[in-house]
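**Q** Below: one structure in structure tokens.
Bear in mind these aren't lab numbers, they're just calculated from the coordinates by the rules spelled out. None of the values given here were measured: they were computed from a predicted structure. So basically every Cβ, Gly included, is an ideal-geometry build from the backbone, and we count neighbours across all protein chains shown.
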């Protein structure tokens, strides 16, 4: 494992910790999209089915379990927690997730490397992860002033993707025969989706202003 | 199809 991959994973881990801290410390999930969190849980569950039959390393196993449990935990907070659930604004978080999940499933059934249940679900999770942030970005755009921690969460999540791009470039240069086109193309699209957000995040940070996205 | 590597990333 190279430094970019490790830094990417740590950034991903940190983003979730920031999100959980925000929810727990402020007892509020204002500005957090439940739809995106549910999509991520679906992504992790469909991708990490291999926990049941293949082992790569203790590191991988731990991280997979962490991602599944933490996104489940965020969803539990938003849906079930007595005070946090009252701060969830479902009227703003209206993205139709089936418009994302259905095309991803059709694509996974069409473009995959092996027509088996686990491989199609794995491919589905790669496609779905690429677009799962969209409900969150739409919600941020609707929120006039984005609170710092929510902004940081999305920034770290985008940062993790950017580091994975570097990881792939490193692997292409160092591992003969290494290729994974489905992952590369989806990952590049996923990172590109953050470009606009990055621009406004860095601008507000440089001007010392609160983040607000133009509508 | 050429074989892709094992799914060793997260």
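**Q** Normalising by the residue count of chain A, find the relative contact order in percent from Cα pairs under 8 Å and 6+ residues apart.
**A** In percent, rounded to a whole number, it is 32.
**Q** Turning to a different aspect of this structure: In Å and on Cα atoms, what radius of gyration and Dmax does the range A:29-138 show?
**A** My reading of the Cα-based Rg and Dmax gives 15.2, 46 Å.
**Q** Going by how many other beta carbons lie within 10 Å of each one, how would you line up A:186, A:90, fewest first?
**A** Least crowded to most crowded, the residues run A:90, A:186.
**Q** Residue by residue through A:55-66, how many Cβ atoms from other chains fall within 10 Å of the Cβ on average?
**A** 1
**Q** If you don't mind, another one. Using alpha carbons only, how many degrees (0 to 90, rounded to 10) separate the axis of helix A:117-131 from the longest principal axis of chain A?
**A** Here the helix axis deviates by roughly 40 degrees.
**Q** Report, in whole Å, the centroid distance computed from the Cα atoms of the range A:77-123 and the range A:145-212.
**A** 20
**Q** Right, here's the next one. Can you pull the one-decimal nm distance between simple spin-label points at residue A:7 and residue A:169, each 7 Å off the Cα toward Cβ?
**A** About 1.1 nm, to one decimal.
**Q** Dividing the alpha-carbon radius of gyration of the protein assembly as shown by 2.2 N^0.38 Å (N being the number of residues), what value is obtained?
**A** The value comes to 1.02.
**Q** Enter the angle in degrees (range 0 to 90, nearest 10) between the Cα long axis of helix A:181-193 and the first principal axis of the Cα atoms of chain A, meaning the one along which they spread out most.
**A** Result, in degrees: 20.
**Q** Which ordering of A:50, A:196 is given by a fewest-first count of other beta-carbon atoms within 10 Å?
**A** A:196, A:50
**Q** For A:194, A:200, what ranking results if the residue with the fewest other Cβ atoms within 10 Å of its Cβ goes first?
**A** A:200, A:194
**Q** Okay, helix-only estimate at 222 nm for the protein assembly as shown: each DSSP H run of n ≥ 4 adds -39500 (n - 2.57), divide by all residues, round to 500 deg cm²/dmol; what do you get?
**A** Helices in the protein assembly as shown give a 222 nm mean residue ellipticity of -22500 deg cm²/dmol.
**Q** Hey, what angle do you get for helix A:3-26 against the long axis of chain A, alpha-carbon based, 0 to 90 degrees rounded to 10?
**A** For A:3-26 against chain A, the angle is about 30 degrees.
**Q** Moving on. What is the ratio of the Cα radius of gyration of the range A:135-215 to 2.2 N^0.38 Å, with N the residue count, to two decimals?
**A** 1.31
**Q** Something else: So what does log10 I(q)/I(0) come out to for the range A:82-210 at q = 0.12, 0.13, 0.15, 0.17 Å⁻¹, using the Debye formula with one equal point on every Cα and no solvent?
**A** The computed values of log10 I(q)/I(0) come out as -0.60, -0.69, -0.87, -1.02.
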